[in-house]
Amino acid sequence: MKNMISHSIKLPKQAVLIVSQFIVMMSHSQTLSISVKASLPSILTESSGIEISNRNSIWSHNDGGGNCELYNFDSTGTMLRTLKILNSTNIDWEDLAKDAAGNFYIGDFGNNNNTRQDLKIYVIPNPENIIGDSIIPQVINYSYSDQYAFPPPNSIKNFDMEAMLAYGDSLYLFSKDWSSPYSGYTKLYKLPLIAGTYVAELIDSFYTGPGSPIVSSVTSADISSDNSKIILLGYNKCWLFSNFIGNDFFSGTHQLFNLPTMTQKEAICFISDHEFYVTDESASGTGQQLYYLNIQQMQSAIIEEDNNEIQINIFPNPFSGKCTISISTGDTDDFTIAMYNQLGQNIFNKIIFSSPESVQDIVLDETILKNNSGIFMIEVSRKNKQILRKKIVKLF
């Protein structure tokens, strides 16, 4: 991604509701201190992915148009080695991931215009174990389960990819949103780890905030070695997720951390369960640095979306056709359930009359959704006060 910091996109009026939600989220955020560890090697002008073999052996690559090479350097920025990735192209390399066996995954999936139909991920063994200065990779070719137009309409232009991690037997990809009006969501896709041709499965989404791709979008991801935390990076913030079960990364708790500088940060990786390396690209005389982050001393800034008074279950989610929202409450106050699309527009409202002894079901189908697909937010409120939010995804 080249020189994106200078661009801006005006927040649409339709996003006022989402902005108010984001202001609440920001009130719980904290600012992390970030220190420059070293300047990157001179060849790494557009570092766009980062992984480590150990805390003093760091691997990175350049963004689209760069050489098909991985660069190995230490924590002082001293170049150690160059590894050529043969039989490959660098259309838009955007992130690196590492699995439990030490294999590396190079994501050639940058897709600013949402037009690409040649998305690839190159797979190589642990580069520390490769003898020589080159390797022929295996290749994962893939497409997205919910993309049918190239490009899609501006309102659902959310098929750029800059973030990836490996967990279990799968890769997980986090989209960078270019929708207009800006929706503020990163979509989460799942792919097998092994070489082949696949359709990436859309499994979840997360609201990162309003504004524009520069302000709120995701540019890199990683998972801790014990699989207990994931981190998503943006140009001036990051999101830490923990207390999730399996690959349901967004189901636990999350913390938003602001970063004190706005630079083109496009790569992050765990060093330990509380330490990170970050790199940024050279732009307008800034960047091309290796940074160090430590969150150990930060107090928790957790957003809780569940409420003990009301229990809500959505099945299946994601869904196609129809799904059922099951609601139970233990008190006698009535409440309202509403549904909003990615633009913050209300498409459904219903008053629920509380009934302590039973579960009430609402069926969402085409009579309500009118053939609309995508990401929606279910909100429950009582006396005009929001008390619970849940995401729901309808597939095409």
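Under 11 Å from a point 7 Å along the Cα-to-Cβ line of ASN103: which residues of the range 164-178 have their amide N that close?
Those under the cut-off are 169-171.
Of ALA101, THR76, PHE159, whose Cα points farthest to the positive end of the dipole of the range 28-186 (charges on the beta-carbon: +1 Lys, Arg; -1 Asp, Glu; origin at the Cα centre)?
The residue sitting most towards the positive pole is THR76.
For labels at ASN54 and GLN311 in the simple 7 Å Cα→Cβ model, what's the distance in nm?
It works out to 5.0 nm between the two label points.
Leaving out ligands, DNA and RNA, what percent of the accessible area of the range 213-268 is carbon and sulfur, probe 1.4 Å?
Answer for the range 213-268 is 48 percent, counting heavy atoms of protein chains only.
Need one number: nm distance between label points at ASP248 and ILE43, each 7 Å from Cα along Cα→Cβ, rounded to one decimal.
4.5 nm
For a protection proxy built on the mean count of beta-carbon atoms within 10 angstrom, sort 78-86, 223-231, 128-136 highest first, please.
223-231, 78-86, 128-136
When a/c is below 1.5 the answer is rounded, else prolate if a/b is larger than b/c, else oblate, so apply that to the range 138-259 with a ≥ b ≥ c taken from the square roots of the Cα gyration tensor eigenvalues.
Verdict is oblate for the range 138-259.
What number of lysine-lysine pairs in the range 143-298 show an alpha-carbon separation below 17 angstrom, given a sequence spacing of 8 or more or placement on distinct chains?
The result is 8.
Label-point separation (nm) for ASN126 and ASP361, each offset 7 Å from Cα along Cα-to-Cβ?
Output for this residue pair reads 5.1 nm.
The values are calculated or read from the model by the stated rules, or taken from the named source; none is laboratory data. Given the structure is predicted, the values throughout are model-derived calculations rather than measurements. Neighbour counts run over all protein chains shown; Cβ positions are idealised from the backbone, glycine included. For the accessible areas, the whole protein counts, side chains as well, though only heavy atoms, and no ligand, DNA or RNA atoms are used. Shrake-Rupley method; radii C 1.70, N 1.55, O 1.52, S 1.80 Å.
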